[in-house]
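Coordinate-derived values only; no laboratory data. Computed from a predicted model, the values in this text were never measured in an experiment. Ideal geometry is used to build each Cβ from the backbone, glycine not excepted, and the neighbour counts take in all protein chains shown.
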Amino acid sequence: MDRCIVLVDAGYLLGAAASLLAGEPSRSRITVDHTALVQGLRERAESETQRPLLRIYWFDGAPDRVPQPEHRRLRVMPRVTVRLGALTRSDGRWAQKGVDAAMHAELTELARNRACSDIVLVTGDGDLLPGMMSAKEHGVAVHLWAVQAADGDYNQSEDLVAEADERRVLDRTWITKAVRAKELTGVCAPPPAPRPEIAAILSAPLPESALAATAERSAEERQNPVPAAPRNGTEERVPVAKGVPTPKDLAALRAPGPQPAQPPTTATLRWSSDKGWVDRPAGESAEAASMPTLAQLTTAEQRWADREEDITTVGGDPYEVGQVFARRWKERLGDHGHLQKLSGMYPRIPHRIDGELLRYAARFGLLAHKDDQIDEHDRYAIRAGFWREVDVRTETEPAPAGE
């Protein structure tokens, strides 16, 4: 049939684009406008082949073949079909499994069924050579597209290049219409503004019992140093303890019995994280327990719209996820008195809302690669985004009538 089909190896396309624009093949170093990229592929394919597009097949790897945020956005686009292989970790590096086999099977099946007259391959892997040869035997013209290499050399299999009917290069100018390199800032998210209660925590002195225990332990370690195991004929230095209080020392702040020195009453750590010494009451306060969750505030129609927004708009960055959740929660909150109560609990998010926030974040693949646990760095970014959105919107809220 007089139609064209595009088969895209996303690992090759985006990895080569990252090498070209950011100097290394890590896809985390680039941001991709998938809508613009798909549109660019469609227009170029129709122009090069002089055939209308039937479909774009997007082949990529994902942990346990679970669609990531970019895959969810792509698969709802018109004339785009996503095929996922596995993404596995070996020797500290991620590798795709099953992507080449899926591309080979699709290429062969499309040609055998005469679903199109032209197939565009965006790949560099020589494993697709048999599939390319089979497609040509069935009368299909095969177009091979390469991404401009950073070093100006080939980044495709020479056998694949030799077998193709037509070849084109997606150069830097074309790539930068939809892909750009990220600016390295060194931080995952803007830190929340400092609060007086945090300064009180950091400046609170330890009780004498905790300080004495720390000093005694340090003296004992100096008198009886632990010998270092030899390594490659040399001895490794063991860091000398510097008297940093341990969780056990901090627990002494709440140990039963009289204490020589108690911290200020304001020095209560209320942090929704596993880091540090956490002083939590046996149960949540009545104010925290009375705050409605996002699920309680969301209608069926809003839930449908939220899922559509998650699929098509939300990128899945941890900071952005926290902001989106907070925005929805605030917009649907009827009693804005809850905002003042929540602000007074900073930096601790009530347990019910915090749990719902992390479950929402898990939808965007933030559990992937991390043994079903959201990385602590990501959890801080999620909560930072939540508080940032709460602070911004609280500042812009009009004062209640009568004030």
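Reported to the nearest whole Å, the Cα centre-to-centre distance from the stretch 286-352 to the stretch 52-102 is 31.
Here the convex hull built on the C-alpha positions of the stretch 4-181 has a volume of 112 cubic angstrom per residue.
For Leu53, nonlocal amide neighbours, meaning residues 5 or more places apart or on other chains whose placed amide H falls under 5 Å from its own, are Cys4. Among 118-127, 4-13, 33-42, 293-302, the peptide with the highest mean count of other Cβ atoms within 10 Å heads the list, and the full ranking is 4-13, 118-127, 33-42, 293-302.
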